[in-house]
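Every number here is computed from the coordinates shown, using simple stated rules; none is lab data. Just so we're clear, the structure is a prediction, and the values are computed from it rather than from any experiment. Backbone-built Cβ (ideal geometry, glycine too); neighbour counts: all protein chains shown.
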Amino acid sequence: MNKPIGIFDSGVGGTSIWKEIQSLLPNENIIYLADSKNAPYGQKSKEEILRLSIKNTEYLLNQECKLIVVACNTATTNAITYLRNNYKVPFIGIEPAIKPAALKSESKIVGILATKGTLSSSLFHSTAENHADGIKIIEKEGEGLVPLIEKGELQSKELRGLLNKYLLPMVQEGIDYLVLGCTHYPYLIPLIKEIVPDKVKIIDSGEAVAKQTKAILEKHKILNHSALQGKSTFFSNIDAGVLKSLVVRDGVTVSVSFLDF
Ligand code: DGL
C-alpha cells in the first residue's frame, strides 16, 4: 500500500525515529509533522498534550496516513491510549527503554533522562514498576534541553552545563546504563559521551520503534511493496531550517516546508 506512514513529535526530536524507520523501510512514503510552535510538550499538562496529539493525528489522517508513529515519549505516555481507542489506524508509540536497561545492568543502577511530562505519567510509572524489580532507577528531568535542541544547538556551553548538572550525579551513584527517554536526546549523544565514562552505556528506543513499525505494517498487510525509494515530506509550523539541517542526508529524497498547523 503506497499510502504514507505519519509521524509526529513536539518538534525536531522525532526525526531521530524517522531516521531509523526510513533506513529499515526505505520504500515507504512518510509524512512528518514537527509541532515546534508548541514545543516543549514536556512542561505541559496532560490535557494540553492530549489536545495537541489529537490535532497532529487528525492532520495526518486527513493526509490518508495508514499508520501513525507517535515519535514522542511525552505524547505517547500521555495520549496513546486515547488515540488507540478513538481512531481506526494502528498507532506505534515510544517509551523509555527501561526494560532492556534493567535486564542488562550489572550495577543494578539505571539512569533515565526524560521530560517532566513523561516521568510524571502513569504509563511510565507502570512500565518502571514492572521492569525494575531489584533495580534502582534514577530519574532526571531534562528541563531546558529540548528548547536548545529546537534552536539547533547541539554543542553549546549552556547545553553542556545542563547535561553536567543532570548526568554527573547519576554517574556518582553508579549507573551503568543511561536511558534516553526523549526523542530529542539522541542528538546529544556525542556530547553525553564526553561527560559520562565509557562504561556507561547509552540506550534509546529508536531501533525498536522502527522494528515494531515494520511488524505492524506486515501484520495489517499494509507494507509498501513498491521497488522505488519512498519520499519523506516534513512539515514544521515554525521556520523549518533546523528541521532541514537534521534530515537532509545523502541519497534520501526529502522535502521540508513550513505549514501553519
Ligand atoms: N521529543 C519529545 C519526547 O520524546 C518531547 C519533548 C518535549 O517537547 O518536551 O518526549
Of (1) part of a strand (DSSP E or B); (2) hydrophobic (A, V, I, L, M, F, W, C); (3) closer than 19 Å to residue 9 by Cα, residue 178 satisfies every one except (3)
Being in contact with a strand residue (DSSP E or B) (Cβ under 7 Å, 6 or more places away or on another chain) and hydrophobic (A, V, I, L, M, F, W, C): is that true of residue 132 here?
no
Could you say whether any residue in the range 207-215 is charged (D, E, K, R), in contact (Cβ under 8 Å) with a residue 24 or more places away in the chain and not in a helix (DSSP H, G or I)?
no
Within the range 135-184, the residues that are away from the ligand (no atom under 16 Å from the Cβ), surrounded by fewer than 19 Cβ atoms within 10 Å (Cβ to Cβ), within 24 Å of residue 121 (Cα to Cα) and not aliphatic (A, V, I, L, M) are 136, 165, 169
Return the pair list, or none, for Cβ contacts closer than 9 Å from residues in the range 86-99 that are at negative phi to residues that are acidic (Asp, Glu) and assigned to a helix (DSSP H, G or I), at least 6 apart or on different chains.
87/58
Test: residue 111 is crowded, with 20+ Cβ neighbours inside 10 Å, under 16 Å from residue 180 (Cα atoms) and within 16 Å of the chain's Cα centre (by Cα)
no
Residue 58 meets each of (1) surrounded by fewer than 24 Cβ atoms within 10 Å (Cβ to Cβ); (2) touching a strand residue (DSSP E or B) at 6+ places or on another chain (Cβ under 7 Å); (3) not in a loop (DSSP other than H, G, I, E, B) with one exception, condition (2)
